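Novice: Dropping the structure in here first, questions after.
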Amino acid sequence: MDPADADTAAEEPADRHPLGPVGASLDEAVDRAWERLRGHPTLDRVFYTASELGDFSLIWHLLGTAKGVTSRRGTREATRLALALAAESALVNGAVKSAFRRERPVHEEERPHGLRQPLTSSFPSGHASAAFLAATLLADRSKVKPAWYGLASIVAASRIHVRIHHASDVVVGAGVGLALGRLVRKLVPLR
């Protein structure tokens, strides 16, 4: 697909964008800039793998369990993360997405790595919200906080790379995840 066609296919009227003209401009600018990165074999492998591992929060459940096994707070930490991810999924993928019903970016070609195409609304990104919720909880009293947020950023950005989300979906999803993570840390502290 020609990059110019991709830009046109992904556009929606600014008055129908959940964030209005500013959100529409952001989506167009990021998609246009990101187009240069798509099709690069190494970047495709990294982002498609990150996107697949983010399905159903698999990566976060695995990392939470591993951290729980190696931590003295063990079971409590892993359980807190698993329950928070379940609540986040119900909230974001259920209630919030059904309120917006935003179309996903148009992608007419077959995806290089057989990535699953979700059926829910595009806004906000559930991968991004789960990633930043998990990063916030995994970083709690951690010596490698930047690594958790770095991994969350890769998973969130992967959704733009693979054309399953618009940039604004990812930004809002990340914000929701950060807010939920802070709320969980406050309501269920590890101490």
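Read the figures in this text as sums done on the coordinates, not as results from a lab. Since we're looking at a predicted model, the values are computed, not measured.
Novice: Using the Kirkwood radius over C-alpha pairs as Rh, can you work out the diffusion coefficient of the range 18-87 via Stokes-Einstein at 20 °C, viscosity 1.002 mPa s, in µm² per second?
Specialist: The Stokes-Einstein estimate is 143 µm²/s.
Novice: Please state the relative contact order of the chain as a whole percent: Cα pairs under 8 Å, 6+ residues apart?
Specialist: 26 percent
Novice: Tell me, what are the semi-axes, in whole angstrom and largest first, of the equivalent ellipsoid of the chain as set by the roots of 5 times the Cα gyration tensor eigenvalues?
Specialist: Working from the Cα gyration tensor, I get semi-axes of 30, 18, 13 Å.
Novice: Also, quick follow-up: Based on DSSP H runs of at least 4 residues, each adding -39500 (n - 2.57), what is the mean residue ellipticity at 222 nm of the chain after dividing by all its residues, to the nearest 500 deg cm²/dmol?
Specialist: For the chain, the value works out to -20000 deg cm²/dmol.
Novice: Scaled to the compact-protein estimate 2.2 N^0.38 Å, what is the alpha-carbon radius of gyration of the range 78-191, rounded to two decimal places? Before the final figure, lay out each step's value.
Specialist: Working: Rg = 14.5 Å, N = 114, 2.2 N^0.38 = 13.3 Å.
Normalised by 2.2 N^0.38 Å, the Cα Rg of the range 78-191 equals 1.09.
Novice: Sequence neighbours fewer than 8 away in the same chain don't count; with that in mind, list the lysines whose C-alpha is under 27 Å from Lys145.
Specialist: List returned: Lys67, Lys186.
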